[in-house]
Structure formats: structure tokens, C-alpha cells
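See below for the structure under consideration.
The values are calculated or read from the model by the stated rules, or taken from the named source; none is laboratory data. Keep in mind it's a predicted model, so treat the numbers as computed, not measured. When we count neighbours, we look across all protein chains shown, and the Cβ atoms used for this are built from the backbone with ideal geometry, even at glycine. Ligands, DNA and RNA are excluded from the accessible area calculation, which covers all protein heavy atoms including side chains. Shrake-Rupley method; radii C 1.70, N 1.55, O 1.52, S 1.80 Å.
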Amino acid sequence: MSRFPLATALPSRLALACAISLAAFPAAASDDEAKTLDRVIVTATPIQPLTFETDPKLPRQPVPASDGADYLKTIPGFTALRNGGTNGDPVLRGMFGSRLNLLSNDGSMPGACPARMDNPLSYVAPETYDRLTVVKGPQTVLWGPGASAGTVRFQRDTPRFDKAGMRLQGSLLGGSFGRNDQVLDATAGAPAGYARVTANRSASGDYDDGNGERVPSEWKKWNTDVALGWTPAEDTLLEFTTGSGDAQARYAGRGMDGAQFKRQSHALRFEQGFDGVLKKWQASVFHNAADHVMDNYTLRDPNPMGPMPMPVAADVDRRTQGGRVSADWAWSSFAVTAGLDTQRSRHRERSAMGRGTYASVPWSQDATFRNTGLFAEGTWSVATGRRVIAGLRMDRAAVTDHRATTGMMGTPNPTRGQVRSETLPAGFARYERDVGGTGFGWYAGIGHTQRMPDYWELFSPDMGPMGAANAFAGIKPERTTQLDFGGQYRSERMDAWVSAYAGRIDDYILFSYRSGGMMGMMSAASNVDARIHGAEAGLALRPATAWTLGGSIAWAWGENASSGTPLPQMTPLEGRFSASWENGRWSAGALLRIVGAQDRVSVDQGNVVGRDLGPSAGFATLALNAGYRFNQRLQLTAGIDNLFDRAYSEHLNLAGSADFGYPAMPVRINEPGRSAWLKLDIRY
Ligand SMILES: [Cu+2]
């Protein structure tokens, strides 16, 4: 997209400022300058191969569900584990869960479900955000601990007004299978401040796969957020935000559906800019709460032949509070951001047999988490087009086990009241080079991070490693050391980029499943050593003014070095090829997505959600889109996804639930068959 600054074309000071602003400053939103026609996004292009930034308001294809994970799928290297129609769990380079640091409004919102039905991005309505930023690999320390596979931030910009006024954006989406979405984003403001309301509603019925078989996947969700900002001076901001939302989602691949996804978020942010060496300081606090109910009777009927023939529901609740203070300094060739972030999180649950009876059961708290980290990240412009970027971080993490009993049988918990605490260092260094005048640039970096096991790794497994009382007692922090390197070339007619990585993960947290227990499957967590490597690459050609031809590939490889077997849940080789045309008023495009077979599997191993079901076949799908811009304010786009109505399924997947008639032998959930959609975007 041409509106992104071409890092290679900038003089070093500007590039430095740009790098700093990407890393630390939420860029001030400019008045809506006349935008060119926004093409339908089929594959996002990087700012540089390590960093992707995309506008989540733009139309994209295949039409995404209204959740954060589906929006990431346009970035090469990402895929998602499907639950049903929405709330897929994002996976980058075969890495899942807390290996991805997922942030909304720079606060963390870990879900509550012990089976991870509500990953952090299921509480994100992407279109109500202004920017989606991804940093691949352990190559930043600014946004919290862990982040071994990458950092994903959904952000809202600060609106600024020269005079009193109003801005409005919105969209309407309609599509096959009863899909309908409405989004409103309205801001009223003056030089002294602003009020912004964002709201969305999204719904879809069950979809049909390419065989015409219905896949239980319907969802409906809504979100409303309000931001009140006070801007007494040009470089001062005090902002209060509050929001809530709820949803329901049918899950073809689960024994229960999501009957409730209640969200409450509050945040307060202060920023002050300066003219001297100290450029800025900022402070923020957040409070995020998720209250999730899963049951087998709201969106399905209990299966009389299944493990749960009676109506049953569980209510789980997670409240996370945190804060961050940071300051930015800049000298002529050196800039640094340093600060502290902290968060605490509490998890509790209650459950009962019978419809709605859980609500009268008292809560029982099972876990609390605390983490405080100190960080510093700097950029040194060695010479024109040569930069060194490095960061250090030190975290202190503690987890308390409050469970009186564990398991369905109510076995007394041997680790009740115990606290696990760890000191976790992280750091990275990267060299970036723009070869002046050639449009060519490259980078190479090394990063190390240590990640505290998360709620799902410490509390969800039925068993821990050999010799440990349970997972809480025995699972060690994961330590990732990774090389990241790549390059890019930009010219008038061609952009090309590649990002590659090679890493080792000591004490990689692995789930193994076997049949047994009351629910039919038992899980055990253990630490193994893993080796990973892979690459993503992209090419965009502009043979004529109106035409763009694009292609990208993503390849990931992993091995369990402790056993010499494949690392499970690894994304298969994927290629996307697109052609698009636009003349300012009309646009048209086609996307061919080709995914290879995956035979590097370790059956019944994986993570808290996904396990390898076996090898999978490759597939290819074709999608078409077209757009028409009536004027600067009104744009219509339309698309047909899976044009040839192919029946196919992704490798990373859940097995369909017997409640919906799926066979006992695990069968992957199929993707939607041919579907059409129409989207109207309004800017005012
Ligand atoms: Cu759940």
C-alpha cells in the first residue's frame, strides 16, 4: 500500500523518527486526507519484512469473521485454528497461544475459558480499531513479557481537531449464510478534546461447506466502546475509555458452545510530549474482564449418547488489571524508550448440571497471576541507512494455585496454595541496513525470551510431566532463542521481501493427548526441546499503472529435538497469488490460495486446543472481488469466496463434535463453501 512510508527511501533521521514512532508513539491521526480507492486486501504488505501494519477497516478477502484472528490471516505466516464460524485461535509460524503477545488498546485481555474458547482476539472487534500492527519474532520488548513468536497490537489512534467538528465512519456488510455486520465509528471534537463512540454488531448463520453439508458455526456479537479525550495542549493527552460487549458462538469442534462472551474494559491514559531530549512520557492503566459461559443447551441439544447427556454449563471469569509507564528520549543519532509494565490477573469458575443453574453456584477462584517487567529499547543510527536496534527486558512473574480439588472426580489438589515465581530475562539486537539509492534493504537480528507458562499450560492439563504432582508443579518456563533475518527491495514496478527465522525453543511446552477420563480425552503437558525454522516471502509487480500482480509464500518447519519427531500443529506450506486492477473508480481482483499437504505430524500432540489429527491433503481455492467508489465518502465492494465451491479443510483444525453427528474418528471441520458478500463503506 502506497500510503506506508517507504523506509528505504527515507533519510536516516526520518527513518529513525519513523522507527521510533512505530515502536513507541501512537501516530497522531491526521485529518482524513483524500484517500485513494482502497483495494480489497488479500495479502497485507509489510512496512519492512519484520513489521506489518494494516488498517482493519479496509475490506479484505476471504471475508473475515468479526474477530481479531481472522484479520491476521491476510498476513503471510498466520493461520487460525477454527472453532466454528468465529473466534478462531491465531497461529503464527506454527506457534500458538501465549507465544503470541495479543494486545488490544495496549492492554492484555486473556480469555477465561480453560479450553481456550475465548482467545484474546475473540474479544476484539477489528473494524472498531484504526491499526493492526504485527512484529514477528522476539524482536521487541516494549509490549510485555513472552512474545516469543510475535507481538500483535490492535490500536486506536488519538483523534486531533483543529476546530470543532465531527468525523464519521461506518460500514454495512451482507453475505451468504445470513452474514450481516454493522459498524459505526463516530468522533466529535474540538482543539480541547474529543468524544469517540465505536460500536459494531456482527451475525452469521451456520455455513455450508463445499459438499453442501451444514457446519455448526453461527454467531452473533456486539461491542460498544466510548473514548473521552482531553487535549489541553498540542502535546498533552488524557484519555478515558470504557467498553463492553457480548457474543454467542456455535462450535462445531467442541463439546459445548460459547453461550456468553461478556467483556468489560476500562482504561486511562496520559501522554505528555516535550521539545528537549526527553521527547515524551506516557502512563496508562487498564482493567479488562471476560465473563464466558459455555454450555451444551443454548445453541445445541445435549447429546443423549455423548459424555454429557444432561444439560451442563460452566461460567468462567478472568479479570486482568495492569499499567505501564514509559519515556522516550532522542538525541541526534540515538533514541531510547524505557519503562515498566505490570499486570495482575485472577481466574475463577463455577459450573452446574441443569439449564441456567450455574448462576446460583458460588464462584471458586483457582488462579492468580502477577507480572512486572522493566524494559528499555533503543535505536542507534550508526550512519545513513545503518541502524542498530536493541532491547532488554526483565520480568518477575508469579502464579498462585488456589484450587482445592482437581479433575472431574474432585481429587484433593496437592499444590493448593503454592506459589510459582520466576525471574525471566529477554533481549534482542538487530542490525538494519538500507542500501542508499538502490531500494534494497536487509536486516538480521537475534532475540531471546523466556515465557512464564500461562493459565492454559499450568491449570488446564489433566496431568503434568513425569514425576510432577501436576502441570502447575512441573511445567518449566519456555526459553526461545531465535535468529530473524530478511530483506526487501522496492522500486517503481516491483516490491519484494523475505523474512526468515531459525530458532531453538528449550522447554517448549507440549500437550499430549490420549483417550480416557470422563470426557473421552486426557491431556498431559511436558517440556521438550524444539527446533524451528521457516520463511515468508512476497512479491508485488506493477506491469502497468492500473495493474498489480502479487504473490506470497509462507513456510514453517518444526522438530521436537527431544524425540526427533515433528513438532505438532505446524502450518503447512502456503502460497497466495493475486491479480488486481483499479482505475480510481472501479477495482477488480482475484486471489488464488494454494496450501500444500502436511505430512510432518505427531498424532495426538499439540497445545491446549489443537492436536495433530493426522496428515492432511493440500487444496486450492479461488476468490474474486470488485469495488466501485461513488465518491470520497462512499465505496462498495463485493466478493465471491471459494468460487468453485470446493470442499476442503485446513490442517490446523479441530475434530467435529459427535453432538453434531461427526464420527468418532476425528474428522476435520470443513471451511465454508462458495459464499458471496457485499460491503458498503462510508466516511464522512
Ligand atoms: Cu469455554
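Just one of (1) closer than 18 Å to D70 by Cα; (2) open to solvent by less than 30 Å² (accessible area, probe 1.4 Å); (3) under 16 Å from the mean Cα position of the chain (by Cα) fails for V183. It is (3). Can you tell me how many residues in segment 156-180 are under 24 Å from the mean Cα position of the chain (by Cα), open to solvent by 20 Å² or more (accessible area, probe 1.4 Å) and under 15 Å from L228 (Cα atoms)? Of the residues in that region, 2 qualify. With respect to being more than 30 Å from Q260 (Cα to Cα), open to solvent by less than 60 Å² (accessible area, probe 1.4 Å), among the small types (G, A, S) and touching a residue at least 12 places away in the same chain (Cβ under 8 Å), G356 falls outside the description. No other residue among G439, G445, G464 is over 30 Å from P114 (Cα atoms), in contact with a helix residue (DSSP H, G or I) (Cβ under 9 Å, 6 or more places away or on another chain) and not charged (D, E, K, R) apart from G439. Does R350 satisfy the condition of being within 16 Å of the ligand (Cβ to nearest atom), of a type in the set (K, R) and either assigned to a strand (DSSP E or B) or surrounded by 16 or more Cβ atoms within 10 Å (Cβ to Cβ) (or both)? Judged against the criteria, R350 is a match.
Condition check: charged (D, E, K, R), under 30 Å from P309 (Cβ atoms) and in contact with a Lys or Arg (Cβ under 7 Å, 6 or more places away or on another chain). Does D645 satisfy that? So D645 does not fit the description; no. Condition first: aliphatic (A, V, I, L, M) and open to solvent by 50 Å² or more (accessible area, probe 1.4 Å). Now tell me which residues in segment 545-560 satisfy that. Passing the criteria: L549, I553. Candidates in segment 289-308 are the residues that are among the acidic types (D, E) and crowded, with 16+ Cβ neighbours inside 10 Å; of these, the one that is farthest from the ligand (Cβ to nearest atom) is D291. Here G639 does not qualify as under 26 Å from the mean Cα position of the chain (by Cα) and at pLDDT below 95.
Within segment 122-131, if we keep just the residues that are surrounded by fewer than 24 Cβ atoms within 10 Å (Cβ to Cβ) and assigned to a loop (DSSP other than H, G, I, E, B), the residue that is farthest from the ligand (Cβ to nearest atom) turns out to be D130.
Give segment 311-335 a look and list any residue that's in a loop (DSSP other than H, G, I, E, B) and away from the ligand (no atom under 16 Å from the Cβ), or say none. Once the filter is applied, which keeps residues that are in a loop (DSSP other than H, G, I, E, B) and away from the ligand (no atom under 16 Å from the Cβ), segment 311-335 yields W331, S332, S333. Taking the criterion of being surrounded by fewer than 16 Cβ atoms within 10 Å (Cβ to Cβ) and part of a strand (DSSP E or B), the only residue of segment 604-621 that qualifies is A620. Kindly check whether there is at least one residue in segment 541-557 that is free of Cβ contacts under 8 Å to residues at least 24 places away in the same chain and within 22 Å of V135 (Cβ to Cβ). For segment 541-557, residues free of Cβ contacts under 8 Å to residues at least 24 places away in the same chain and within 22 Å of V135 (Cβ to Cβ): present.
A quick yes/no check of all residues on (1) open to solvent by less than 50 Å² (accessible area, probe 1.4 Å); (2) among the small types (G, A, S); (3) part of a loop (DSSP other than H, G, I, E, B):
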residue	(1), (2), (3)
A537	yes, yes, no
P543	no, no, yes
S562	no, yes, yes
G584	yes, yes, yes
L592	no, no, no
R600	no, no, yes
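Say whether the condition of being farther than 23 Å from T54 by Cα, in contact with a His (Cβ under 6 Å, 6 or more places away or on another chain) and not hydrophobic (A, V, I, L, M, F, W, C) is met by at least one residue in segment 239-259. Within segment 239-259, one or more residues are farther than 23 Å from T54 by Cα, in contact with a His (Cβ under 6 Å, 6 or more places away or on another chain) and not hydrophobic (A, V, I, L, M, F, W, C).
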